1. Please enumerate the residues belonging to region 241-250 that are under 44 Å from the mean Cα position of the chain (by Cα) and at pLDDT below 95.
2. Looking only at region 807-824, count how many residues are closer than 22 Å to P417 by Cβ, in contact with an Asp or Glu (Cβ under 8 Å, 6 or more places away or on another chain) and either touching a residue at least 24 places away in the same chain (Cβ under 8 Å) or crowded, with 24+ Cβ neighbours inside 10 Å (or both).
3. Whether any residue in region 636-645 is assigned to a loop (DSSP other than H, G, I, E, B) and either modelled with pLDDT of 90 or more or under 30 Å from V501 (Cα atoms) (or both) is what I want to check.
4. Kindly indicate which of I274, I253, I284, I230 is touching a residue at least 12 places away in the same chain (Cβ under 8 Å), over 25 Å from T317 (Cα atoms) and within 35 Å of the chain's Cα centre (by Cα).
5. Would you mind stating whether G470 is modelled with pLDDT of 90 or more and at positive phi?
6. Considering each of G361, G374, G402 in turn, give the residue that is free of Cβ contacts under 8 Å to residues at least 24 places away in the same chain and on the phi > 0 side of the Ramachandran plot.
7. In region 748-757, which residues are surrounded by 14 or more Cβ atoms within 10 Å (Cβ to Cβ) and out of contact with any helix residue (DSSP H, G or I) (no Cβ under 7 Å at 6 or more places or on another chain)?
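The values are calculated or read from the model by the stated rules, or taken from the named source; none is laboratory data. Because the structure is predicted, anything quoted here is derived from the model rather than measured. Don't worry about glycine lacking a Cβ; one is built from the backbone with ideal geometry, like all the others, and counts go over all protein chains shown.
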Amino acid sequence: MTQHDVTDRPPVHALLADGATVCIRPVRPDDHEQIQRLYEEMSPENLRLRFFSLSRRSARLAADRACGPARPGYRALLAERQGRVIGLAEYETEDGRADQESEAGAGRKTAEVAVAVADGLHHRGVGTLLVEHLVSAARADGITAFTADALSENREVLKLFADLGLRTERRFEGPEVRCTIALDQNDTYLTAVEERGRTADVASLRPLMRPRTVAVVGAGRTPGSVGRAILRQLHSGGCTGRLFAVNPAATAILGVPSYPSVSSLPRIPDLVVIATPAPAVPAIAEECGRAGVRALVVVSAGFGKDQARRLLTACRTYGMRLVGPNCLGISNTEPGISLDATFAAGHPSPGTAGVAVQSGGVGIALLEGLSRLGIGVSSFASLGDKYDVSGNDMLQWWESDGRTGLALLHLESFGNPRAFSRTARRVTRRMPLLTVDAGRTEAGRKAAASHTAAAATRTMTRDALFTQAGITATRSVGELLETAALLHAQPLPAGPRVAIVTNAGGAGVLAADACAEAGLVLPALTPELTDDLRAALPEGAAVGNPVDATAAVTEQQLTDCVERIVRHGGIDAVVVTLVPTAVAAATGDDLVRAVTRAVTEAAAPTTPKPVTLVRLEQARSVELLPAAAGGGSIPSYAEPQAAARALAHAARRSAWLARPAGTDPALDGVNADRARALVRDHLAAHPDGGWLDPRPCADLLACYGIPHIPWAWAETEDEAVAAAERLRGADGRVVMKAHWPGLVHKSEQRAVHLDLRGEQQIRSAFRDLRTRFDGLVTGVVVQPLAPRGTELFAGVVQDQVFGPLVLFGLGGTATEILADHAARLAPLTDHDVQDLITSPRCAPLLFGAHDGRAADVAGLEQLLLRLSRMAEDLPQLAEADFNPVLATPDAVTVLDARIRLVPCRPQDPYLRRLR
């Protein structure tokens, strides 16, 4: 670590508390003049608080310190806005301090930290943002605590440290306060960073979503242009802000005043929509930035790399948020805003559904589908190529706008899935979050060396993200709308128990099959309920589940039947499947009205339950029918599969909400510092990385307390015999495994000898491996023969986008053939671990289903938690493959472990920065 090693920490842009954009970067030698000016322009009082004195030399000395020759243990970051340095944070390790160990604790490495912010920019989060980035850098440098000295009257800096979310201790020494700040990354700190990030993000989106002035660049005078269509939408949609067109060849377009350039507008727009050819966009964005515009929507497409770079550079330099390019636009139906900056065919009606998509075509389909259902939209964003504003931004906007109650996403990619997951977990506690699982297909499993990598398909990774975050993932736009209709109109079911009512037995059978296939349960109805139903329904009705009310059922009888089932405590949801009959037509009975009336009459005295209709003659896949007496609406589906899928999604959401948020259990016996040192040493000796040899592999497992069967390394027959003598169990049997760099699947290579007894068999096995793998084998591993138990598989693979994915399931030689695996993204909570253990089909074996002897489940939980922690601590860990893991009633033991390391630059996924 050196002062001016700027390559290991490239410049990034991030948001201040007021939504302004700043660049956070390492200090360079040529920053001396700016840093000196930063201090020279401070008030005498602020200088005294920073340096404890009013020396004229303080500013120059501070700049000399920050910009001087590189030295170990020192790092300085600055905040820069439009070329001006507005803040500086720095630390230096305290290797020479005699009292370091007494303050920080034995074995801890501390650094002294200092922060300065330009006058006039306090209380905007400059110092806090700098310290967050400095904390991340310090952790990567192995520093475990910051210390800082401040005057006790310097309330601002003391409050900055106290509000970070890190454990801080204060010690008063006369007029000074010495603060010690532990740099442990825990959930308290991440939550504090998230909250600051959300405040900044929402503030930055206000000019985009609630602009007071809007300009459209590229609106032509003749019909047919996209810019003109957007201007028409804004004008006809009743945009409440001032509206301008930018066109050098017109003074007015569609009755909207037009000016030749953005800089000539009579008012600076908050939002500019650009609909010109791509080559012209970067220069327009630059002009917008210089004029003071705060947000851009770029619908233009076809950007080359240089054009894309120039566009994003302009946005970052001048602090403009950007939607697009290559997008449909944005809208916000909020009263007093009425912003429709899209070229969709119609205006969305006001409502509570927030919609964000990457594909404009999907956006149009969702808007039209919601309109057809009568579900209004709170705001809509077509993100296009997603240079800046993302689905994560929109989630935070919906969380804070006070209007959105249902979030719909169609995302083809995730910029920062771990940050998205934390945001989504928080948002889905407040509102349903639905998505179409786009891009999930993958032709077979990826060609990979290890069992873990082979199992970690793209679908499995995305499923893990959605499951852990409580996101309702559908497989098509149609299924998303079907589920949205139910979640919008009906309460959540308390569980998966469904009752089916029909006027045609065959239709009831179809509905029952659909519910069972969707994972719902059709319980037997209680004798009391069946007696009530038998009394209410026509003679000949079948009162099981499904309930066949027969074609003779009248409107009143069906109302009574559905009402009684809704009131019953043993049912969580009701599906009413109806077909048109001549009987109902002849009597004038309206069976649909019977259902809507029953829902209204049953709702008041009981816990609300979802009721859905299935009408097989219905043309549209889903409709929302008004309930009687203003009692909301009821979703009606054209096929029972759609109703069952929607109910299953609702039941899963209900179960997710009922479950408390998981916790990250504390783990003892973890030595992460030693593990990082082992990784550094190995990659220094092997710059390209690769699979670890048995000894460093075992050393890494020991750093995390992962139980591994005893073993010994042998390179000769005599060494193998001696190892077997030391390790053999009570029955004297051992296992011998060949080893050479890169060998992963030993069984497939027939590089394993099992059940060896006595010296002669040991020598024979050794010679066999040496002969068959001559020129490859570098030695053998000798282990005692393991006892009988359940063979399992555990592993982790680092996904470049999603982070570490932990897998668990049935192990042994058939692990890939049977593919009985579950996966969750690290870091694992206690709930994630429980899900991993109980999700595979082999789970009953672990709880004694085969012989009545349950495995050591607590030991399995610890193994998975420690594996997760290892992957989080070591981003260089590309794959870890534990197969088999032996689970017995008494213990859990890794019998064979393979670990692959690759060189990579650690990146903090939770650090606040723009894309």
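1. Answer for region 241-250, where residues must be under 44 Å from the mean Cα position of the chain (by Cα) and at pLDDT below 95: just G241.
2. Of the residues in region 807-824, 2 are closer than 22 Å to P417 by Cβ, in contact with an Asp or Glu (Cβ under 8 Å, 6 or more places away or on another chain) and either touching a residue at least 24 places away in the same chain (Cβ under 8 Å) or crowded, with 24+ Cβ neighbours inside 10 Å (or both).
3. Scanning region 636-645 turns up at least one residue that is assigned to a loop (DSSP other than H, G, I, E, B) and either modelled with pLDDT of 90 or more or under 30 Å from V501 (Cα atoms) (or both).
4. Values: I274 fails: over 25 Å from T317 (Cα atoms); I253 fails: within 35 Å of the chain's Cα centre (by Cα); I284 fails: over 25 Å from T317 (Cα atoms).
None of the others qualify; the one that does is I230.
5. Spelling it out, G470 is indeed modelled with pLDDT of 90 or more and at positive phi.
6. Details: G361 fails: on the phi > 0 side of the Ramachandran plot; G374 fails: free of Cβ contacts under 8 Å to residues at least 24 places away in the same chain.
Going through G361, G374, G402 in turn, the sole match is G402.
7. Selection gives Q749, V752, R757.
To keep it simple, each residue is scored yes or no on (1) within 27 Å of L16 (Cα to Cα); (2) part of a helix (DSSP H, G or I).
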| residue | (1), (2) |
| --- | --- |
| L322 | yes, no |
| S331 | yes, no |
| P335 | no, no |
| G346 | no, no |
| G354 | yes, no |
| V362 | no, yes |
| E368 | no, yes |
